Structure formats: structure tokens, C-alpha cells
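Peer 1: Here it is: the structure, laid out below.
Bear in mind that the values in this text are calculations on the coordinates, not laboratory data. Small disclaimer: the values here were computed from a predicted structure and weren't measured. Here the Cβ positions follow ideal geometry from the backbone for every residue, glycine too, while neighbour counts run over all protein chains shown.
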There are 2 protein chains.
Amino acid sequence: MFEDRIRLASLRDRVMSADDAAKLVGDGMVVGMSGFTRAGDAKDMPLALARRAQAHPMKITLITGASLGHDSDKTLTEAGVLGKRLPFQVDTTLRSAINRGEVMFVDQHLSETVEFLRAGQFGKLDVAAIEAVAITEDGGLVPSSSVGNSASFAILAEKVIVEINLAQPLAFEGMHDIWIPGQRPHRDPLPIVDVRDRVGTSAVKIAPEKIAAIVITHTPDSASNALPPDAQTRNIAGHLIEFFQHEVSRGRLPRTLPAIQSGIGTIANAVLMGFVDSPFEQLTMYSEVLQDSTFELMDAGKMVFASGSSITVSQSVQDRVFGDLARYRDQLVLRPQEVSNHPEVIRRLGLIALNTALEADIYGNVNSTHVGGTHMMNGIGGSGDFARNARMAIFATKSVAKDGRISSIVPMVPHVDHNEHDVDILVTEQGLADLRTLAPRERVKLVIDNCAHPSYREVLRDYYRDAQRYAGHTPHALERAFEMHINLRDRGSMLAG
Amino acid sequence: MFEDRIRLASLRDRVMSADDAAKLVGDGMVVGMSGFTRAGDAKDMPLALARRAQAHPMKITLITGASLGHDSDKTLTEAGVLGKRLPFQVDTTLRSAINRGEVMFVDQHLSETVEFLRAGQFGKLDVAAIEAVAITEDGGLVPSSSVGNSASFAILAEKVIVEINLAQPLAFEGMHDIWIPGQRPHRDPLPIVDVRDRVGTSAVKIAPEKIAAIVITHTPDSASNALPPDAQTRNIAGHLIEFFQHEVSRGRLPRTLPAIQSGIGTIANAVLMGFVDSPFEQLTMYSEVLQDSTFELMDAGKMVFASGSSITVSQSVQDRVFGDLARYRDQLVLRPQEVSNHPEVIRRLGLIALNTALEADIYGNVNSTHVGGTHMMNGIGGSGDFARNARMAIFATKSVAKDGRISSIVPMVPHVDHNEHDVDILVTEQGLADLRTLAPRERVKLVIDNCAHPSYREVLRDYYRDAQRYAGHTPHALERAFEMHINLRDRGSMLAG
């Protein structure tokens, strides 16, 4: 059975139920699971682990690539299994537990997690649970719709549970490029010099005897829950397209644009969708997650190649793409997240990095993670890997949220994920501010006039006038810096008071 | 004349006075000048430019490697020449003008400036003024005690003024390794895989006809003004040595330690000096600036090689080292700052990055630049290049300043240069907090108990207790977050109130 999926015959007797596989995990263990932005996650094993915890209460450190699908984080949270969780999540139930201080969440740059693991910072990795479409003749794992940290988890773990997912097409085989950096201090350069380059192997090589369990699953990836474009995201895309055209006309960007990185979620996906109607051709991506927009751009003949670490798409695009993967085979590569997010490649290729801000301040500092400065949303993800090292770091957001009660432009952000040194371009549906080569005082007028919603411009200008009493390179009136946030917290609107 | 210094005979008729050379600069121009942490700066040309501005008022954009010596920034500020200044400075007079909003200062990661320039973000570079010890037979420039951005300035500028400094020993020749990245999008890897690697040329190759003026100068570099070690920096060094020994014993660091980067200034230099008495041997550096500590460690037989972008030392070490450069020739290399600070190499080598914090908050966010959140001190320099991409980012500071009126540990930093995602280790004379793999709430107790001064611990604990009323991944009471800073601003002490 499963000859095409488990090609090393000696492993076929390790097929067992998810519940039996889950017995490999015990209290206090460090566990790595595949899954990056809901794609390629182990599906049955997390649920079996939650069931097991009913009888055998346990707390583990759970490390993934990024977010999981299938309510796995919810189920594990409710079962009390998560002691520590990293490096990213998007689950409502887990988020609440994090914000109550019940789950310790380490919000980490996505390129760094396996460096920490490799250096022994989390101790040994006890168990890895990895989704694969197949195990090769020599015991190599062929990942599915994401690579994430799966390769390093499988390599570093003492025991590996493989979930062979029959719902994931075998056509994924050959789409991955598995490259793992060598041991420091004499590590070789990462030889990628073009988004299309393949520098590794198509499967993850591990010692077959480490494979302690094989679970057969049939569950497709959770579909993306990104919302479709709307008038505001179309405006954001319009401002960016106009700006890129201007940069091209000044000779500061090539006509095909540098390779693009685009963050997870509704805004970045919808903005990129807007490029279907742009004059740009021959576009490429070097990104983490490939969303609907990637395939829309390919199908529209606008994009010629995309490198990512996962494919996370809506149900309709999943049906279209996963059913016809061979068609995209020459245009796609999936890499480990430390390669997709590697500072070395990001700087070398000179990426345009497009990520979402929760809010930005009048000087261009960006908060991507903490609602009200205190409550974790999802995590920084790869945005810091990209923004620090890219050629151009763009942060996009709608200028207001919650029917205008929240302004995304504020006097001072109460949590800084990306500071003034890294934020090149801010864009909202109102307009775009090019902050490059500007001192903080030069940025204020641009940010307020171009990006803030009209209903907040006067209160922001008033803050800046007041702040100048205290002078400085970056004027602030500290006693008023968070007035808008306190209004929101205590009265439900930033404009109250 | 100057046959050994100006070896291309056809250039010798371009020798002229600094005042004549300064006539090449006019209002509105973009000017690049050599100089990195007071080393290898053009000496006569900036002063001549200030004189010229008396009769011909002008505003220029002045771009350097990093800080200048010889009060050049002061003199240029007083002459009203500086419209815009980047990417780093340390001058009191210039700093005041920046903080009054009179000079627009762009506080930039030191690895990024020439990328911006190369991409056309500042328009064309009109004039470069570069100190050199010699011009080679084919018109190549041999830098002196720093490389900084000099190579790219000379390559990109329309006209080049060369200051041949007879006070800088010719023995600098051969100590530099000039490597410039290729044009994107098909840039090759930076081939450095060991701190000792030489991958470029010993001189800066430019078209000789671009050399519009040669000025002969005789002024030595300004000596470093870093203070010697004291009891507190010795304590900081002691905590770090103990920590490194612990990491080595756990197998998490190699016995010779990874290559070390150490920031400019008193604290980092003095801390590194403490390693003279440590058990560590065969140390190497991959840093920006090489200070007294580098040579003390070499002379003590503790350090075998140092790669930097400049040599900035006290007068006594300058006398000792510059007079006997040949002795250190096999142990030193000076590189362009985009190579010394390149994310690619920093990540590949897995550096220990040691930089100075102005203040840190209880969650591990670091302010390196803004006194009181508003007033620029020096700039972020290379600390962001290193902290984001290094294996281990350490920030050191004394726990209090101004006789205890300022605590370096605060509830929330009012300006974030390095956020919780990047700050691995905080250390003061009180102790060390290893923040790696910890969630924000887990960090608080460590930071307060280990790093804060005893006189501030209770007020910080009180803040955290209060902040938990609002819950969250990172609890904060926004109305109180800057109480200590406001106390300091209005009453002269953080403890007032």
C-alpha cells in the first residue's frame, strides 16, 4: 500500500494512527511542526495530541514555520498543551491566551528560528511532525504546499512523524529547493543570484531510522481567509503603481521592477492583485507566501516566476492551481523559510518588500504586531527580515479602521516593529509618502497630508505643533504621545476626548 | 615632488590649495567626504569649504562614512554649509543644530548609504573629497586609516578631490580590501567566508581624469576620545565573560568565540578591553571600527585578526600602532563599510555583536539614539546592520547616568532603534539578562532584577504590576509609560515626582 507515496519499503510498517504517533510526545518536550501560513501543516497529529492531553496533561514548546490551519492552534490551546509557542500564529483562541499571559509567545523573525534551534537555544528538538506528499526511495521527505522550517525540523529532531497527505498532489514533487546552510564559522555563500535559481535538492534528506511514525491523512490545506480587493486596496495599488512608474521614469527602478516580496494577508494580497491592470510586465517574486495574487498575475501574463516558502490560496484558486500544478511547474519554487527570508539574498536581489502595518506614526515608525501597544495580533513574521535588508521597504495600511474610530496614523506608535531607519514608503488609500532621504521633521507633513485620513489630519498637526515646544531631531510631547490610544482604550474611539 | 605619493605623473599638476579645491563645491551640491569614526577624514577641504561659504553662502548635502574629526562638522555647521547631513555624526555643535531643526539629519544604517546613492536616491554625487596616502601609477586611490564610503564616493562622484595626507604612513598601503558589489539584479555573492579573507583590490580604481584636485595635507587623525575602562565597564566585561564561558560549556558557542563586532565609543571599547584578562584565545573581530581594545588584545596575544572599516585609537595607541604598522599587517584588513556591515557576511559568520544602548526597557527594546525620545545623540550607526543579522546581539550600558538621576532601564523606551525581536542580551554593571527564547512577560523580571540599578527596581516593578491591569502580550499602562522621562525632562531626575 501507498507504494508511490512511501517508496522506501522498509518504512511501510511504521504507518500508524495519529493517536499512536502522538504517544511520541510527552510533557516538557520541544516539538517542531510543518506548516507555514496555513499551508503544508501536519493535520491529524496536532488534533491527536490535543486528544492525548486529555488523559495525559502536558505542556510543550511548539515551533512551526509560521501559522497553522485547521484550528490546530485553537485545539491545542484549549487542550492546554501550549506552554511556549513560536514564531508566528494567527489563531483567535491562541491569541487570547497569549494576551492573557497563559501561553508564552516568542515573536521572532521567521529567518531566525532554525538558527536558534541549530545553535541549541531551545535544547534538543524532541519530535518533528512533518507533512509530506511522499517519502523517496532513500527516505527523503518530499514536502507539500510549504517548506517553512520543515527541512531543518526533520534534520534536527530526534524522532520524526511524517504525515503523508493523500489530498496533496504528488505533482508538488520537484517544486521544492531544499538548501540548508553549513555549520558556522565557515559557512559558504548562499548561491542564489536570481529568483529562479535552484541550488538544493528536491527532497529533505534524513536518516530513515529517525522516522518513527507515518500517518496517512486526507485533509486538504485550509483555504486562505484573505478578503478580496476593495475600493481602498485598489487605491493603495493605484498609488504604488503610479509611484513605481515615476521611479522607473527617473531611472531609479528597472522597467520590470525588482523582485517583489509581499506579506501575508488581505492588504498585501489585494494590493498585488491591483498589478494585474498595471503596465508592468515580466514581474517576479521572491517572497514567503504565494497568495491568490501570484497566480492571478501569472494567469494574466504579468508575472513570470515566483519563489516562496508556501502557497496559501483561496478555495477557488486552490482548486484551479493544485489540480493543474504541472502548468505552473516552471514558474514556481518553494524554499525553506530561512532561504526565502535570508538577509543575504534579500540584500543581493534588492527586493521591493511590501508588508502590512497595523499603524504608523508621523515619523514613519511602524507597529505591525501589538494592538494598542499591548495586545499581540499575529507576530512580526518575515517583515523584519525583509524591511531591514530590502532595497525598498513599503508598508501599506488603510488609513482608518473600525468605521473611523481608529486612525492608522498616530503621533507615536506604542510598539515599534519597524523603525524610521527601515521604513521607506508608507501608503494608504489616501496616498503615498516617500520617506527616503528625509529627516524626521521632513517626514511629518508628508505622512499627515498624504497618508492620514482627513478626519485625523488636524489632530495630528496639532500634536506636532505642540511637540515642537520640546524641540529635538524628533519632536514629541511625551505626555500626549499616546492620547489617541488611551482614548480608544477607554472610550472606544481615538477621536474621543 | 611627491613622487612616492602621486605616482601617476600626469596628475601632479592638479596639486592645489584646499581653498582652490573648495571652489569645486557650490550651493545645492551633494558632496561625499571620506572619514569614518574620526579616521581617514579629509582634513583641509572641509575647513576650506567653511571659509568659502563666508563669501559664497551655500547649503550642501554632506554624506560621509560616519563621524568626522577635527571639528569639521562644527566648523561646517557654524558656516551654515550643512543643509542635509548623513549618515552619522558625533559633534556637539552639529547635534544642537540638528535638534533645533536647522540641519536635516538622516540617521541611516551605515551599510545602506551607498546603496541609496548608487540607486540615485540623492541624485548625482557632485564632488567627493577623499583622504588617501597615495595615488597609484594607474590613478587608483590608496585610502588611509579608514575606508568607510570612500571607494563608492570616488567611483560615483563626477569630480574627486584627493587629499594626500603626508602624516598618514604609506605603510597603510596593502592593508585595504576594496570590494564593491555589482549592479543588481544579478549581483554575485560577497565571497568573504572568513574574517581574514581578501576578495578585492588594495586601491580604489577610478578614471584618473575625474581627479579634479589634489590637496597635500599634514594633519594626523583626531585621536579617539573614548574614556578608559572603569569599575563599571570592568563589571560589564566580567558579566559577559562569565556568560560566554557558560555558553561555551553548554556547547552553544565555540571556544574561540565567533568573530566579534564592537560598536564605537567608551562602553564597547572598555568592555572589550576586559577580555585581555579573560581565558579566551584566538579571538577575531569583524567590525566597523577598530579601537584601542583591538590592539590591546592583539598585543596581549588574545586576538589573532581584526577586520574593520577604520582604525580610531587614542593618541598613545596611535603613536604605537601607526608608527609600527608593518607589525600588524598580517592581522588587519580595512574594508568598505558596506562590506564590514553587510547583512550577508554578518549572518554568514554568525557574529557576536556588541553595541551600546542609551536605554532599554523592561521588555528589551533599545533606544540607541534619542535622549528623552526627542534629541539626537549620534545616530544608529551600524548597530542595526549588526543586531538584526548577527548570531547574538548584545547591548551594554551602565544602569544609571548623571549621578543616578537617569535610569538606563525604563518602562518603555520613547524611541526604538532595536526592538525586542533583535535584542538578545542586555548587560549592565549590575548583571546580564539573556532574553533569547523568552516571551515579553518572561523578560521583565530578568531585566529588572539583573540589569536595573537597585534604586530603580521598585519603581519599575510597580509599573509592571500596574501595567498588567491592561493585560496583553506586552502589558503597558500607556498613561504612565513615560513618567520617568517626563520627570527627568521637567524636574531633572527620573526619580522625582
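Peer 1: What nm distances, shortest first, do you get from the label point of B:Asp403 to those in the other copies when the point sits 7 angstrom along Cα to Cβ?
Peer 2: Reported distances to equivalent positions: 5.7 nm.
Peer 1: Taking every DSSP beta bridge that has both residues in the protein assembly as shown, what percent is antiparallel when rounded to the nearest 5?
Peer 2: Restricted to the protein assembly as shown, the bridges split so that about 25 percent are antiparallel.
Peer 1: What is the list of residues in region B:132-158 whose amide nitrogen lies under 11 Å from a point 7 angstrom out from the Cα of B:Ser10, following Cα to Cβ?
Peer 2: Only B:138-139 fall inside the zone, counting backbone N under 11 Å.
Peer 1: Please tell me the relative contact order of region B:193-350 in percent, rounded to the nearest whole number, where contacts are Cα pairs under 8 Å and at least six residues apart.
Peer 2: For region B:193-350, the relative contact order is 24 percent.
Peer 1: Using only Cα atoms, what is the ratio of the radius of gyration of region A:367-497 to 2.2 N^0.38 Å?
Peer 2: 1.02
Peer 1: Please give the FRET efficiency for B:Arg327 paired with A:Gln183, using the beta carbon to beta carbon distance and R0 = 41 Å, rounded to the nearest 0.05.
Peer 2: Efficiency, rounded to the nearest 0.05: 0.75.
Peer 1: Per residue of B:244-256, what is the mean number of Cβ atoms on other protein chains within 10 angstrom of that residue's Cβ?
Peer 2: 1
Peer 1: Compare the Cα positions of A:Ser34, A:Ala53, A:Thr64 along the charge dipole of region A:23-75 (+1 at Cβ of Lys, Arg; -1 at Cβ of Asp, Glu; about the Cα centre) and return the one farthest towards the positive end.
Peer 2: Of A:Ser34, A:Ala53, A:Thr64, it is A:Ala53.
Peer 1: Looking at the square roots a ≥ b ≥ c of the eigenvalues of the Cα gyration tensor of region B:439-478, which shape do they give, rounded for a/c under 1.5, prolate if a/b is larger than b/c, or oblate?
Peer 2: Note, shape of region B:439-478 comes out oblate.
Peer 1: Let me ask something else. Given R₀ = 30 Å, FRET efficiency for A:Ser455-A:Glu479 by Cβ-Cβ distance, to 0.05?
Peer 2: E(calc), rounded to 0.05, equals 0.80.
Peer 1: Next up: Return the percentage of antiparallel bridges among DSSP beta bridges fully within region A:349-404, rounded to the nearest 5 %.
Peer 2: In region A:349-404, approximately 45 percent of DSSP beta bridges are antiparallel ones.
Peer 1: For region A:292-379, compute Rh as the Kirkwood radius over C-alpha pairs and then the Stokes-Einstein diffusion coefficient at 10 °C and 1.306 mPa s; write the answer in µm²/s, rounded to an integer.
Peer 2: 101 µm²/s
Peer 1: So, one more: Compute, for the protein assembly as shown, the length of the dipole vector about the Cα centre, with Cβ point charges of +1 (Lys, Arg) and -1 (Asp, Glu) only. Units Debye, rounded to 20.
Peer 2: Here the protein assembly as shown has a charge dipole of around 620 debye.
Peer 1: Taking a point 7 Å out from Cα toward Cβ as the label site, list the nm distances between B:Glu102 and the same residue in every other copy, smallest first.
Peer 2: Here B:Glu102 shows inter-copy label distances of 5.9 nm.
Peer 1: Ok, one more. With the Cα gyration tensor of region B:173-213 giving a ≥ b ≥ c as the square roots of its eigenvalues, does the rule (a/c under 1.5 for rounded; else a/b larger than b/c for prolate; else oblate) give rounded, prolate or oblate?
Peer 2: Because a/c hits 1.5 or more and a/b fails to exceed b/c, region B:173-213 counts as oblate.
Peer 1: If you place +1 on the Cβ of every Lys and Arg, -1 on the Cβ of every Asp and Glu, and leave all else neutral, what size is the dipole of chain A about its Cα centre, to the nearest 20 Debye?
Peer 2: Value, rounded to 20: 740 debye.
Peer 1: To one decimal in nm, how far is B:Asp324 from the same spot in the other copies, if labels go 7 Å from Cα toward Cβ? Please give the shortest first.
Peer 2: 7.6
Peer 1: While we're on this one: Taking only C-alpha pairs under 8 Å that are 6+ residues apart, what is the relative contact order of region A:76-148 in percent?
Peer 2: It rounds to 20 percent for region A:76-148.
Peer 1: Report the Cα centroid-to-centroid distance between region B:348-405 and region A:275-294 in angstrom, as an integer.
Peer 2: Measuring centre to centre over Cα atoms gives 37 Å.
Peer 1: Okay, next question. Taking R0 as 51 Å, what FRET efficiency do you get between B:Glu102 and A:Lys59 from their Cβ-Cβ distance, rounded to the nearest 0.05?
Peer 2: It comes to 0.35.
Peer 1: Further, regarding this structure: Using a 10 Å cut-off around each Cβ of peptide A:96-104, what is the average number of partner chain Cβ atoms that fall inside?
Peer 2: 4
Peer 1: Report, largest value first, the span of the C-alpha coordinates of chain B along each principal axis, in whole Å.
Peer 2: 74, 50, 46
Peer 1: Tell me, which longest segment in chain A has none of the GluC sites (Glu not before Pro) that fall in DSSP loops with at most 14 further Cβ atoms within 10 Å?
Peer 2: The longest uninterrupted stretch comes out as A:282-497.
Peer 1: Among the listed pairs B:Lys124/B:Lys159; B:Lys302/B:Lys398; A:Lys43/A:Lys205, which are separated by more than 19 Å between their Cα atoms?
Peer 2: Beyond 19 Å between Cα atoms: B:Lys302/B:Lys398; A:Lys43/A:Lys205.
Peer 1: Quick check: the angle from helix A:231-249's long axis to the longest principal axis of chain A, C-alpha only, nearest 10 degrees?
Peer 2: 80 degrees
Peer 1: Report the percentage of all Cα-Cα pairs in the protein assembly as shown whose separation exceeds 57 Å, rounded to a whole percent.
Peer 2: Cα-Cα pairs in the protein assembly as shown separated by more than 57 Å: 9 percent.
Peer 1: Using amide H atoms built 1.01 Å from N in the peptide plane, name the residues 5+ places from A:Val410, or on other chains, whose amide H lies under 5 Å from its own.
Peer 2: The answer is A:Ala360, A:Asp361, A:Ile362.
Peer 1: What does DSSP give for chain A in terms of the percent of beta bridges that are antiparallel, rounded to the nearest 5?
Peer 2: Of the beta bridges lying entirely in chain A, close to 25 percent run antiparallel.
Peer 1: With each pseudo-label sitting 7 Å past Cα toward Cβ, what's the A:Ala300-B:Asp299 distance in nm, one decimal?
Peer 2: So the two model labels end up 6.6 nm from each other.
Peer 1: Right, another one. Which whole number gives the average count of other chain Cβ atoms within 10 Å of the Cβ atoms across peptide A:464-475?
Peer 2: 5
Peer 1: Picking from B:Ile211, B:Met377, B:Val147, whose Cα lies most toward the positive end of the charge dipole for chain B (charges on Cβ: Lys, Arg +1; Asp, Glu -1)?
Peer 2: B:Met377
Peer 1: Positive end of the charge dipole of region A:358-497 (Lys, Arg +1 and Asp, Glu -1 on Cβ, about the Cα centre): tell me which of A:Ala393, A:Leu358, A:Ser455 has its Cα farthest that way.
Peer 2: Result: A:Ser455.
Peer 1: Need the list of aspartates and glutamates near A:Lys402 for cross-linking: C-alpha distance under 14 angstrom, and skip anything on the same chain fewer than eight residues off.
Peer 2: In chain and number order, the partners are A:Glu359.
Peer 1: How high is the relative contact order of chain B? Use alpha-carbon pairs under 8 Å, at least six apart in sequence, and give a whole percent.
Peer 2: 13 percent
Peer 1: Taking a ≥ b ≥ c as the square roots of the eigenvalues of the Cα gyration tensor of region B:308-355, is the shape rounded (a/c under 1.5), prolate (a/b larger than b/c) or oblate?
Peer 2: Note, shape of region B:308-355 comes out prolate.
Peer 1: Starting from the alpha-carbon convex hull of region A:321-444, give the projected area averaged over all orientations, in nm².
Peer 2: In nm², the orientation-averaged hull projection of region A:321-444 is 9.9.
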